1. Counting pairs of alpha carbon atoms under 8 Å apart in space and at least six apart in sequence, what relative contact order in percent does the range 51-118 give?
2. Fewest first, what order do TRP262, TRP123 take by the number of other Cβ atoms within 10 Å?
3. How far, in degrees from 0 to 90, does helix 90-108 lean away from the longest principal axis of the Cα atoms of the chain, to the nearest 10?
4. If you stretched the chain out fully between ASP11 and ALA24, how much longer would it get, using 0.36 nm times the residue separation minus the C-alpha to C-alpha distance?
5. Show me, for the range 216-229, the HN-Hα J-couplings you get by feeding each phi into the Karplus relation (A = 6.51, B = -1.76, C = 1.60, θ = phi - 60°), rounded to Hz, glycine and proline as x.
6. As an exercise, identify the GluC sites (Glu not before Pro) in the range 224-280 lying in DSSP coil whose Cβ has no more than 12 other Cβ atoms within 10 Å.
7. What's the angle, to the nearest 10 degrees (0 to 90), between helix 13-22's Cα axis and the longest principal axis of the chain?
8. Defining a contact as two alpha carbons under 8 Å apart and six or more residues distant in sequence, what relative contact order in percent does the chain show?
Amino acid sequence: MAISIICTNKDPQPWVAALHDVDASLDIQVWPNEKQKSEIEFALCWKHPEGILQNYPNLRCISSMGAGIDHFLNDSFFPEHLPVVRLVDPLLAQSMFEYICTAVMFYFREFDLYQAQQRQACWYQQPPQSMAETTIGMMGLGQLGGYAAEKFSLMGFDVVGWSRSRKSLNGIQTFAGPQEFETFLSKTKVLICLLPLTPQTQGILNRDLFYNLPKGASIVNVARGEHLVEEDLIEALDADHLRGACLDVFREEPLPRKHPFWTHKKIVVTPHCSSITNPKSVAPQIVQNYQLMQNGKPLLNRVDILRGY
Ligand code: NAP
């Protein structure tokens with residue numbers, strides 16, 4: 001009985017060390033060098049090569065190495081009958097909040113406008129704004145979006161949130177489903193995308209959405225690059241409908257050197273660093289799920305692979 005770490009763009013060694021720190025007796029193997037594929041019962045995966053999970057005849061559980069599971073949906077041979085779990089970690093939620101808080105404060109305290117003024121040596125004090133009059137719109141009110149929405153509300157911002165099912169969060173006006181989407185957007189001054197990537201949310205940050213936001217709104221995308229229709233964003237920024245965009249995730253990563261986002265004056269680019277999973281912090285829940293699986297008990301943080309998140 002063993003765990004295999006199957007990843008293509010992460011170094012597996014810190015994960016092996018972190019899991020062994022929790023339980024030194026674990027048999028942890030690393031793709032593609034497992035001793036016997038038949039020994040593997042638990043796969044810890046990130047962007048695994050398509051079809052590869054079919055090579056493990058005794059696999060009983062698949063865990064994502066992050067909060068998202070959209071990388072599984074790209075595998076048309078994915079064993080959908082197996083339970084799938086993801087990582088839920090307070091540190092991940094806190095670090096995501098820190099990033100989006102920085103982005104929100106950048107627009108709220110108008111550093112983007114002052115940067116533009118600086119390029120022209122222009123000394124001009126923008127009219128002051130209040131937090132209570134600045135509405136943050138949170139798309140996705142799950143582990144990350146729900147946590148950040150409540151923190152922004154406690155800071156004094158006006159916060160509205162949108163999710164698939166209705167939510168009740170302290171001090172936050174919530175909207176649900178496609179029928180309430182436009183009302184949600186019409187109130188939003190800084191829009192944050194923390195949706196999972198699913199067929200329903202792919203390309204959701206598009207022209208229609210941008211023009212349903214009030215003129216001068218900003219967007220922050222920290223979810224997935226495929227949520228954004230890139231040419232629609234550039235058009236809405238160049239037409240001065242949107243004020244700015246802070247982007248941490250991209251359709252192609254690393255962002256190609258010639259990509260227009262790098263040099264656009266109204267776009268802030270960061271290299272998918274908004275919230276990086278710390279193996280030490282998440283190793284205990286991975287080991288716990290491995291033990292729960294062995295004992296036939298319900299797993300933690302199970303996802304519905306058919307729903308897509
Ligand atoms: P989560 O707990 O699963 O929450 C997802 C939220 O999105 C839920 O509120 C859900 O609504 C809502 N939602 C899903 N589909 C929707 C739809 N079609 N319309 C409206 N709302 C919809 O996910 P999470 O842990 O907060 O993570 C969110 C995403 O952040 C991940 O999937 C991942 O892609 C991204 N992420 C990025 C980074 C990074 O470094 N940039 C790090 C971690 C995660 P219900 O509540 O009604 O289900």
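Read the figures in this text as sums done on the coordinates, not as results from a lab. Treat the numbers as computed from the prediction; the structure is a model and nothing was measured. Cβ coordinates were reconstructed from backbone atoms using ideal geometry, including for glycine residues, and neighbour counts include every protein chain displayed.
1. Numbers: 41 pairs, mean separation 21.5, N = 68.
Dividing the mean separation by the residue count of the range 51-118 yields 32 percent.
2. Details: TRP262 11, TRP123 6.
Ascending Cβ contact count within 10 Å gives the list TRP123, TRP262.
3. In the chain, helix 90-108 runs at an angle near 20 degrees to the longest axis.
4. Details: separation 13, 0.36 × 13 = 4.68 nm, distance 1.95 nm.
My answer for the length gained is 2.7 nm.
5. x, 6, 10, 10, 10, 10, 10, 8, 9, x, 6, 5, 9, 8
6. Values: sites: GLU226, GLU230, GLU231, GLU235, GLU252; in loops: GLU252.
Of the GluC sites (Glu not before Pro), the ones in loops of the range 224-280 whose Cβ has at most 12 other Cβ atoms within 10 Å are GLU252.
7. 70
8. Numbers: 547 pairs, mean separation 53.1, N = 309.
This gives 17 percent for the chain.
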